[in-house]
1. Tell me which residues, restricted to the stretch 383-398, are under 19 Å from residue 320 (Cα atoms) and either in a strand (DSSP E or B) or more than 35 Å from the chain's Cα centre (by Cα) (or both).
2. So which residues in the stretch 93-142 are out of contact with any strand residue (DSSP E or B) (no Cβ under 9 Å at 6 or more places or on another chain) and either modelled with pLDDT under 95 or within 16 Å of residue 51 (Cα to Cα) (or both)?
3. Might you let me know whether the stretch 340-356 holds any residue that is under 19 Å from residue 309 (Cα atoms), out of contact with any strand residue (DSSP E or B) (no Cβ under 9 Å at 6 or more places or on another chain) and in contact (Cβ under 8 Å) with a residue 40 or more places away in the chain?
4. Can you pull out every residue in the stretch 285-302 that is assigned to a strand (DSSP E or B) and more than 15 Å from residue 267 (Cβ to Cβ)?
5. Give the residue, chosen from 265, 302, 277, that is under 22 Å from residue 433 (Cβ atoms) and surrounded by fewer than 19 Cβ atoms within 10 Å (Cβ to Cβ).
6. Of these, 140, 122, which one is touching a helix residue (DSSP H, G or I) at 6+ places or on another chain (Cβ under 7 Å), touching a residue at least 12 places away in the same chain (Cβ under 8 Å), part of a helix (DSSP H, G or I) and assigned by TED's automatic domain parsing to the domain that holds residue 223?
7. Could you please let me know if residue 133 is in the same structural domain as residue 35 (by TED's automatic domain parsing), in a loop (DSSP other than H, G, I, E, B) and crowded, with 22+ Cβ neighbours inside 10 Å?
8. I'd like the full set of residues that are over 11 Å from residue 404 (Cα atoms) and surrounded by 15 or more Cβ atoms within 10 Å (Cβ to Cβ), limited to the stretch 359-375.
């Protein structure tokens with residue numbers, strides 16, 4: 001099974017850029033670029049926050065730093081619970097200050113913010129406050145200067161450089177367009193080894209590029225949902241450097257089921273396939289349709305014989321499914337295998353068994369009227385899937401649906417579980433109470 005590499009280990013090394021200096025992105029002209037000139041801000045509260053961050057790093061024990069402006073600062077507000085879930089045990093320090101531009105970050109890095117520490121990873125997302133006063137080339141120079149300063153002062157630290165997040169309601173917003181140009185330029189800072197550039201902006205947007213207010217209410221700053229999306233989107237890169245989050249653990253319940261989902265993070269899961277977005281919200285995994293083909297959130301662990309229980313509900317109708325005993329093709333990474341259908345359409349085949357990317361339908365529900373009526377479109381639905389040897393059975397809200405025995409030579413007796421978001425123009429679904437009871441091989 002091929003897994004996508006999210007890491008920094010491409011082996012090209014760091015290429016010094018001092019010779020290029022301030023001309024790397026610079027447009028023709030004579031105006032000095034203030035985005036690259038380190039300068040503090042006079043505000044008393046700003047000075048106090050700067051000093052408080054210096055005091056924190058003096059204490060040491062810093063493995064992860066986030067560098068940025070109010071969007072990063074907001075991890076301590078709207079993003080507080082998400083921060084605690086993903087980074088609370090990872091020795092993380094927030095080096096974001098509201099209103100900062102690249103020049104202010106440069107000054108802070110020279111005046112104590114990173115003195116005496118050697119974090120494993122630095123996450124940078126900066127530049128949106130430069131959008132109005134600076135040209136994109138100037139802002140990009142400022143971001144480049146920050147990256148170079150970190151490389152000089154923290155040569156062992158990996159850098160995860162994020163594209164400036166989207167702003168404004170639609171793609172025609174002039175400041176968003178300036179930031180997108182900056183992102184094109186700073187993507188060149190990815191050196192394949194020490195610096196990784198990642199653009200997660202599609203995770204925040206609808207398919208037509210609209211920035212929803214239920215993610216960024218003021219069309220600039222994320223709310224709790226926005227921070228949950230951010231954390232889930234960069235987790236593969238963070239985990240590559242710091243190690244994965246602890247997998248869900250729990251004692252078996254009275255029926256012998258253990259959780260596959262901790263209710264707070266995507267620990268124990270990984271994304272494969274297309275560009276759908278997954279995040280955690282209100283004790284649920286949420287999946288939203290995105291660009292590209294079908295997308296899957298897959299368990300890191302594989303399972304053989306088991307009973308799987310979970311609940312599913314559509315926020316916006318689309319199409320989905322629950323993969324079991326599934327795999328990825330080594331050449332393309334395409335997920336294939338058994339799928340329990342989640343179908344909110346009039347067809348009503350929720351609970352049917354489909355062979356994703358292989359044989360198609362294995363057990364339709366066209367002749368099972370009771371099963372076709374079992375799924376509730378606007379409410380939670382309990383799915384129970386039993387895989388035992390070659391036989392698979394499903395129930396939706398207690399109603400028996402599929403009963404299929406695979407006698408073919410393509411029968412899979414072990415594989416991962418995955419939550420599918422089907423390709424399309426719309427669709428958002430959530431899953432909760434995901435738990436499993438493994439069965440002995442002799443059943």
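1. From the stretch 383-398, those under 19 Å from residue 320 (Cα atoms) are 383-386, 392-397; that's our starting set.
Hits for the stretch 383-398 are 383, 384, 385, 386, 392, 393, 394, 395, 396.
2. Correct list: 98, 104, 106, 107, 110, 111, 112, 115, 116.
3. No, every residue in the stretch 340-356 fails to be under 19 Å from residue 309 (Cα atoms), out of contact with any strand residue (DSSP E or B) (no Cβ under 9 Å at 6 or more places or on another chain) and in contact (Cβ under 8 Å) with a residue 40 or more places away in the chain.
4. Let us first name the residues in the stretch 285-302 that are assigned to a strand (DSSP E or B), namely 285-288, 295-302.
286, 287, 288, 295, 296, 302, listed by residue number.
5. Numbers: 265 fails: surrounded by fewer than 19 Cβ atoms within 10 Å (Cβ to Cβ); 277 fails: surrounded by fewer than 19 Cβ atoms within 10 Å (Cβ to Cβ).
Criteria check complete, one pass: 302.
6. Numbers: 122 fails: part of a helix (DSSP H, G or I).
It is 140.
7. On the way: in the same structural domain as residue 35 (by TED's automatic domain parsing): yes; in a loop (DSSP other than H, G, I, E, B): yes; crowded, with 22+ Cβ neighbours inside 10 Å: no.
Taking the combined requirement at face value, the residue does not satisfy it.
8. Of everything in the stretch 359-375, those that are over 11 Å from residue 404 (Cα atoms) and surrounded by 15 or more Cβ atoms within 10 Å (Cβ to Cβ) turn out to be 365, 368, 371, 372, 374, 375.
The values are calculated or read from the model by the stated rules, or taken from the named source; none is laboratory data. None of the values given here were measured: they were computed from a predicted structure. Methodologically, a virtual Cβ is constructed for each residue, glycine included, from the backbone with ideal geometry; neighbour enumeration extends over all protein chains shown.
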